[in-house]
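The values are calculated or read from the model by the stated rules, or taken from the named source; none is laboratory data. Because the structure is a prediction, the values reported are computed rather than measured. With ideal geometry, Cβ positions are generated from the backbone for all residues, glycine too; neighbour counts draw on all protein chains shown.
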Amino acid sequence: MNKSVVKSINIEENFDEAVKSATELFFNGGVFIYPTDTIYGFGGNPFNDEVLRKITRIKGKPDWKRYIHLVGSVEILLKYVEIKSEKFYDFLLNIWPNPVSVVMKLNEQTRDILGAETAAFRIPNNRFCLKLLNEIKMPLISTSVNRSGKEPMNDPVMIIQEFGKEVDAVFYSDKKSFFKASTVIDLSDDEPKLIREGKIKFSEIIKNFK
């Protein structure tokens, strides 16, 4: 891989090293690129203002509040959001882990920190992500690897050529399965609403809301 990036690690060949390195970068204010259960994403700590500014600068996208956050469990999610009822809780348990991102109302403390009323969350169906999330026990930013207005990039070689000098590490996979973004639904009101249909059809997701 290109040496213009501080670190580039194949997660299949060096899984434990990749998780350890990504964990350290997360807590030290780093920004990295990594594979998810959908497409490659920029990652970092959503509660670190410098991380947010850096990702915003790289992407050229001013609205950082729209970034998706990956979490390792519903229990961790509960530290940051308001869940209306047991029905909503069961719904989340039924649909995750999967490439389905859910917009939810933040609790008061998180609203104050992020300066937003809502945010999107997902428990990803991806071994590397879940192991990393289990280590950090916090939300992890996940936003597509592209400049604003451009198509998301999913080829590790092209990603490193384009962004290698602007991030602290690239974690990549040889598997060619990261091509479609997650389905995004809004759960901040009484009923789930479709925002963007991705890998999983909304008609299939809504069957779990009983």
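State yes or no: is LEU92 out of contact with any Cys (no Cβ under 6 Å at 6 or more places or on another chain), in a helix (DSSP H, G or I) and at pLDDT 95 or above?
Details: out of contact with any Cys (no Cβ under 6 Å at 6 or more places or on another chain): yes; in a helix (DSSP H, G or I): yes; at pLDDT 95 or above: yes.
Criteria met by LEU92.
For the subset of segment 101-152 comprising residues that are farther than 28 Å from SER21 by Cβ and among the small types (Gly, Ala, Ser), which member is surrounded by the most Cβ atoms within 10 Å (Cβ to Cβ)?
Filtering first and then ranking leaves ALA116.
Quick one: would you say ALA116 is modelled with pLDDT of 95 or more, out of contact with any Asp or Glu (no Cβ under 8 Å at 6 or more places or on another chain) and either hydrophobic (A, V, I, L, M, F, W, C) or within 23 Å of TYR80 (Cα to Cα) (or both)?
Considered against the rule, which asks whether it is modelled with pLDDT of 95 or more, out of contact with any Asp or Glu (no Cβ under 8 Å at 6 or more places or on another chain) and either hydrophobic (A, V, I, L, M, F, W, C) or within 23 Å of TYR80 (Cα to Cα) (or both), ALA116 comes out as no.
Tally the residues that are in contact (Cβ under 8 Å) with a residue 24 or more places away in the chain, among the β-branched types (Val, Ile, Thr) and part of a loop (DSSP other than H, G, I, E, B), restricting the search to segment 51-89.
1
Do any strands (runs of 3 or more DSSP E) entirely within segment 103-210 hold 3 or more residues that are within 23 Å of ILE11 (Cα to Cα), and if so, which?
Strands (runs of 3 or more DSSP E) meeting the threshold: 140-144, 169-172.
Please specify each residue of segment 160-172 satisfying the condition of being buried (at least 18 other Cβ atoms within 10 Å of the Cβ) and either at pLDDT below 95 or not β-branched (Val, Ile, Thr) (or both).
ILE160, PHE163, GLY164, ASP168, ALA169, PHE171, TYR172
Could you check segment 195-210 and list, in sequence order, the residues that are in contact with an Asp or Glu (Cβ under 8 Å, 6 or more places away or on another chain) and aliphatic (A, V, I, L, M)?
Within segment 195-210, just ILE195 meets the criteria.
Just to verify a result, which residue in segment 5-22, among those that are crowded, with 17+ Cβ neighbours inside 10 Å and within 22 Å of THR56 (Cα to Cα), is modelled with the highest pLDDT?
So, considering only residues that are crowded, with 17+ Cβ neighbours inside 10 Å and within 22 Å of THR56 (Cα to Cα), the one modelled with the highest pLDDT is ALA22.
Condition check: surrounded by fewer than 20 Cβ atoms within 10 Å (Cβ to Cβ) and modelled with pLDDT of 95 or more. Does ASN45 satisfy that?
Details: surrounded by fewer than 20 Cβ atoms within 10 Å (Cβ to Cβ): no; modelled with pLDDT of 95 or more: yes.
No; evaluated as a whole, the condition is false for this residue.
Among what's in segment 173-196 and is within 14 Å of ILE95 (Cβ to Cβ) and out of contact with any helix residue (DSSP H, G or I) (no Cβ under 8 Å at 6 or more places or on another chain), pick the residue that is surrounded by the most Cβ atoms within 10 Å (Cβ to Cβ).
SER182
Within segment 183-210, count every residue that is touching a Gly at 6+ places or on another chain (Cβ under 8 Å) and of a type in the set (Ser, Thr, Tyr).
Count: 1.
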